[in-house]
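Q: Just dropping this structure here.
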Amino acid sequence: MSETTTDTATDAAKTPPVTATTGATGLRRILRMLWADKLAFMAMLFLLVVLLGALFGPMSLEEMTTKTNLRARNAPPFDLSRGFFYILGGDALGRPLLARIIVASQNTMVIAAGAVLGSLTVGATLGLIAGYAGRWTGEVIMRLADVIMSFPSLLLAVIVLYMLEPSIGNLVLVLAITRIPIYLRTTRAEVLEVRERMFVQAAKVMGASNRRIIFKHILPVILPTLLTIATLDFAFVMLAESALSFLGIGIQAPEVTWGLMVSQGRQYLTNAWWLAFWPGLAIILTTMSLNLLSSWMRVALNPTQRWRLEIGGNKNG
């Protein structure tokens, strides 16, 4: 017994400790794979700028976006005589469009992130149960998904928001409910396939509990697929929120989102096109960046295809 303990201690002493270097190496590897796909790299940079603007923009630009300036009403873009933030022009009340777009990004990102995170959590949990539990439990859960999917998601959101007060919380709740079946069905299909693999069967033979098998063996295998879908779904939820705000049943003033800015600027398209163009361009660039990043993640998270990015990253490095 003492010899075994001594050998174990010796092996532990020989094993290099896990430090921050391991994390730094993993980060460099991810950056190299991103650099191998230039479009994904540019998309990541753009999304990082949007995220920083959503986090820190409202703290410094809130007053600027609420103070009216009728002298700058519908000010044309690319005119710096009124200051840098008027480079994209001014809105119908003379507020700088660039500052409003930065502030509006916070509500847009919060709504999209909240809806995706909520639907991912609930849908993946129900999918794990439906795929690993007995047949009847899975059938009941899948019928619930079928009920939700029987209604068009946008129409369901319109009906619910028409009855409820339009707010960020209600918007997140409605959009999350409509997206649950996507994650539920995907997770169940993945679990039904993964649970038949040899390593899961070996864990059962070794006496592992169902909870350990699900969270330690099955979930890590299907998580990359769910993350890829979530990245794509983030773009869809952004477009759905913009559509609801454009229809007037989403976020209401004085709150602001990109979709609401497009809605407010549509009546000025003939004489002040920039009021709707710039927030619409922000929506297009963000959704395009998310789609590019999702395509990169589909390759980077797949062990059988990851070598393409690793080889390209090493050559560029």
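Q: In segment 206-225, what residues are over 21 Å from residue 298 (Cα atoms), modelled with pLDDT of 85 or more and in a helix (DSSP H, G or I)?
A: Residues satisfying the conditions are 211, 212, 213, 214, 215, 216.
Q: A further question follows. Yes or no: residue 275 in contact with an Asp or Glu (Cβ under 7 Å, 6 or more places away or on another chain), in a helix (DSSP H, G or I) and at pLDDT 90 or above?
A: yes
Q: From the list 120, 88, pick out the single residue that is open to solvent by less than 40 Å² (accessible area, probe 1.4 Å), among the hydrophobic types (A, V, I, L, M, F, W, C) and part of a helix (DSSP H, G or I).
A: The conditions single out 120.
Q: Among the residues that make up segment 48-56, is at least one of them closer than 17 Å to residue 260 by Cα, of a type outside the set (S, T, N, Q) and under 28 Å from the mean Cα position of the chain (by Cα)?
A: Checked segment 48-56: at least one residue is closer than 17 Å to residue 260 by Cα, of a type outside the set (S, T, N, Q) and under 28 Å from the mean Cα position of the chain (by Cα).
Q: Regarding segment 227-234, can at least one residue be identified that is more than 27 Å from residue 301 (Cα to Cα), acidic (Asp, Glu) and assigned to a helix (DSSP H, G or I)?
A: no
Q: Please determine, by comparing only the residues of segment 62-80 that are open to solvent by less than 50 Å² (accessible area, probe 1.4 Å), touching a residue at least 60 places away in the same chain (Cβ under 8 Å) and in a loop (DSSP other than H, G, I, E, B), which one is farthest from residue 267 (Cα to Cα).
A: 77
The values are calculated or read from the model by the stated rules, or taken from the named source; none is laboratory data. Remember, it's a predicted structure, so these values are computed and weren't measured experimentally. Methodologically, a virtual Cβ is constructed for each residue, glycine included, from the backbone with ideal geometry; neighbour enumeration extends over all protein chains shown. The protein model used for the area step is the full one, side chains on, heavy atoms only, and it has no ligands, DNA or RNA in it. Shrake-Rupley method; radii C 1.70, N 1.55, O 1.52, S 1.80 Å.
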